[in-house]
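Heads up, the thing below is written out as C-alpha cells.
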Amino acid sequence: MTQRVMVYIDGSNLYHYLRYSESRTNLDFSKFANKLAGKDRHLVRTYYYNAPLDQMKQPEQYRAQQKFFSSLRKIDYLEVRLGRLSYNKRRPDVAPTEKGVDIRLATDMLLHAVAGIYDVAVLVSGDTDFVDAVQAVKGEESMSKSPCSLVQVLGLCGTRRTK
C-alpha cells in the first residue's frame, strides 16, 4: 500500500533559510513538496504556515507578500495557514514576532496524526520548538488507526535529518 504523506512548511523559517543560505527566495512549492514526498508515496496535502505583514507599517512588502500568498493558494493540495505578527510598540526598530504560527503547525500535525490522515509527515523547519510536537506525533503511532510510520524533520540550519 502506498504511504500517504503530508508536508508542513514553516514559511518564515524556509524563506530566511533560502534568502540567507541559498541567496534566493524563488521556489516551486509544488515540485518541492512532491520531491519531499518521494516517488513511491502519495502526497495528500501541503500546509504552508506564515504570518502576514502589517499593511500600514510595511505597505510594499505587504502587497508583495499577499501576491505570494495568492500564488500559493493556486497550487493544488496546498493550504496556506496564517498566524499574526506582533510589533513591539516601545521598540519599533525590533523585528516583529510571529504569534500562533508554530502552535498552529504543531497542532495540525498532531491532530492529523491522531486522525490517521497520513503515514508520513515531513516538517520543513529549522526551529527546535517543534521537537516536542514531533515526539508527540511519533508517540501517536500506537494510538492512531493508520499509524504514522515516519516523521522527517528537515533541519534548515544544517543537514540534520531525524527519523
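The values are calculated or read from the model by the stated rules, or taken from the named source; none is laboratory data. Just so we're clear, the structure is a prediction, and the values are computed from it rather than from any experiment. Methodologically, a virtual Cβ is constructed for each residue, glycine included, from the backbone with ideal geometry; neighbour enumeration extends over all protein chains shown.
Applying the selection to segment 24-73, what residues are within 16 Å of VAL7 (Cβ to Cβ) and among the hydroxyl-bearing types (Ser, Thr, Tyr)?
Selection gives SER30, THR46, TYR47, TYR48, TYR49.
I'm trying to understand the selection: among the residues of segment 82-109, which are closer than 14 Å to GLY11 by Cα and without any contact (Cβ under 8 Å) to a residue 40 or more places away in the chain?
Passing the criteria: LEU82, GLY83, ARG84, LEU85, THR97, ILE103, ALA106.
Condition check: modelled with pLDDT of 85 or more, in contact with a Cys (Cβ under 9 Å, 6 or more places away or on another chain) and in a strand (DSSP E or B). Does ALA121 satisfy that?
yes
Quick check, is TYR48 over 17 Å from SER125 (Cα atoms), among the hydroxyl-bearing types (Ser, Thr, Tyr) and modelled with pLDDT of 95 or more?
Answer is no for this residue.
Would you tally the residues in segment 38-73 being within 20 Å of LEU105 (Cα to Cα), hydroxyl-bearing (Ser, Thr, Tyr) and surrounded by 15 or more Cβ atoms within 10 Å (Cβ to Cβ)?
4
Can you work out which of the residues in segment 74-97 that are of a type outside the set (A, V, I, L, M, F, W, C), modelled with pLDDT of 95 or more and surrounded by 11 or more Cβ atoms within 10 Å (Cβ to Cβ) is farthest from VAL7 (Cα to Cα)?
Checked segment 74-97; the qualifying residue farthest from VAL7 (Cα to Cα) is ARG84.
Has segment 65-88 got at least one residue that is assigned to a helix (DSSP H, G or I) and closer than 30 Å to GLY139 by Cβ?
no
Would you check if LEU43 is under 15 Å from the mean Cα position of the chain (by Cα) and either at pLDDT below 95 or acidic (Asp, Glu) (or both)?
Criteria not met by LEU43.
Take ARG4 and tell me if it is at pLDDT below 95 and in a strand (DSSP E or B).
For ARG4, the condition - at pLDDT below 95 and in a strand (DSSP E or B) - is met.
Go through segment 9-30 residue by residue and tally those that are closer than 14 Å to VAL124 by Cα and either part of a loop (DSSP other than H, G, I, E, B) or of a type outside the set (S, T, N, Q) (or both).
Residues meeting the conditions: 10.
Which of the residues spanning segment 86-123 are hydrophobic (A, V, I, L, M, F, W, C) and over 26 Å from LYS35 (Cα atoms)?
Answer for segment 86-123, where residues must be hydrophobic (A, V, I, L, M, F, W, C) and over 26 Å from LYS35 (Cα atoms): VAL94, ALA95.
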